[in-house]
Amino acid sequence: MTWSEMEPLLEQACWDTLYMVGWSAVIAVVGGLPLGVLLVLTDRGGVLQNVMVNKVVGQIVNIARSMPFIILMVALISFTRAIVGTTIGPEAAIVPLAIGAIPFYARLVETSVREVDGGLVEAVQAMGGSTWTVVRKVLLPESLPALISSATTTIVALIGYSAMAGTVGAGGLGDLAVRYGYLRFETKLMWITVAILAVVISVIQFAGDLAARGLSHRGRSSVAPRLVLLRGGPSRTGKPAPAPEPEAAPAEVESVEPTKVP
């Protein structure tokens, strides 16, 4: 197979892979982020401690994570057909890819948010901050570098999942490598596909690490100003937080002249 024959196949396969991974990653972040935060908030000692809810949600996440992706795709065939109207092609692959990635990212979010210093949470609560204030002003900003790294790990995993999805008719680079590289013995095309996947993963990992490092350096110098801004914010009752009372001035000590001894 010549390069002129391989070029259109590689171009279409690359676009299909980026399409599947892009939409799946967006859905995974939108669904996994609140799920991971909920696991932290409802855990023992959390802001919204609820052991029953935490165990139920955690068990659902564990079951979804334990299922191999190939089996998950087969199990979701009927659901996929009901959502997108077909079970083949990039659009159909997005459904199992997103469902498989949501619990994966949720556990990474849970681990990242747990690393936030509990003293910051207590400080915000002492200032009258609500649960939403704790999440928005402390948990998410302080764990943002780790969340970016978790999203990078999820995207890299989705690229591998998309290659597996290609073996069952989803298209993309995985489908191209199997149909032409394996079944038609086009070894050259298969190795080109492997090289493209390696380059794409390296670029994504580099960009994610760079963003996480940048946010980490920025976040170290912004903790104190962020807490200061919360001091004048609304309390849980909706009333402004009371201003701190001024310190009393030290009492002046009158000087006593020494008595002259005759």
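The values are calculated or read from the model by the stated rules, or taken from the named source; none is laboratory data. Small disclaimer: the values here were computed from a predicted structure and weren't measured. Don't worry about glycine lacking a Cβ; one is built from the backbone with ideal geometry, like all the others, and counts go over all protein chains shown. To get the accessible areas, we keep the full protein, side chains included, count just its heavy atoms, and leave off ligands, DNA and RNA. Shrake-Rupley method; radii C 1.70, N 1.55, O 1.52, S 1.80 Å.
Between Met1 and Val203, what length comes free when the chain is fully extended (0.36 nm per residue of separation minus the Cα-Cα distance, one decimal in nm)?
Length gained between Met1 and Val203: 69.9 nm.
How high is the relative contact order of the stretch 1-159, in percent, counting Cα pairs under 8 Å that sit 6 or more residues apart?
Averaging sequence separation for qualifying contacts and normalising by length gives 32 percent for the stretch 1-159.
Please report the net charge: other residues with Cβ closer than 12 Å to the Cβ of Leu41, K and R +1, D and E -1.
That sum, taken over residues with Cβ under 12 Å, equals 0.
Test of understanding: what is the full-extension gain from Glu115 to Arg213, defined as 0.36 nm times their sequence separation minus their Cα-Cα distance?
Taking Glu115 through Arg213 to full extension adds about 33.6 nm, to one decimal.
Based on Cβ point charges of +1 for Lys and Arg and -1 for Asp and Glu, what charge dipole magnitude is obtained for the stretch 1-140 about its Cα centre, in debye rounded to the nearest 20?
680 debye
Could you state the accessible area per residue of the stretch 90-172 in Å², with a 1.4 Å probe and every protein chain left in place?
It amounts to 36 Å² per residue over the stretch 90-172.
I'd like to compare 29-37, 46-54: which one has the highest average count of other Cβ atoms within 10 Å, and what's the full order after that?
Ranking, from highest mean packing down: 29-37, 46-54.
Under a plain spin-label model, where a point goes 7 Å from the Cα along Cα-to-Cβ, how far apart in nm are Val84 and Val30?
It works out to 1.5 nm between the two label points.
May I ask for the net charge around Leu9, where only other residues with Cβ less than 13 Å from the Cβ of Leu9 are counted and Lys, Arg are +1 while Asp, Glu are -1?
Neighbourhood net charge equals -3.
Which Cα, out of Met6, Gly85, Gly118, lies furthest along the positive dipole direction of the stretch 1-129 (beta carbon charges, K/R +1, D/E -1)?
The residue sitting most towards the positive pole is Gly118.
Below 15 angstrom from the Cβ of Tyr19, what's the summed charge of the other residues (Lys, Arg +1; Asp, Glu -1)?
-4
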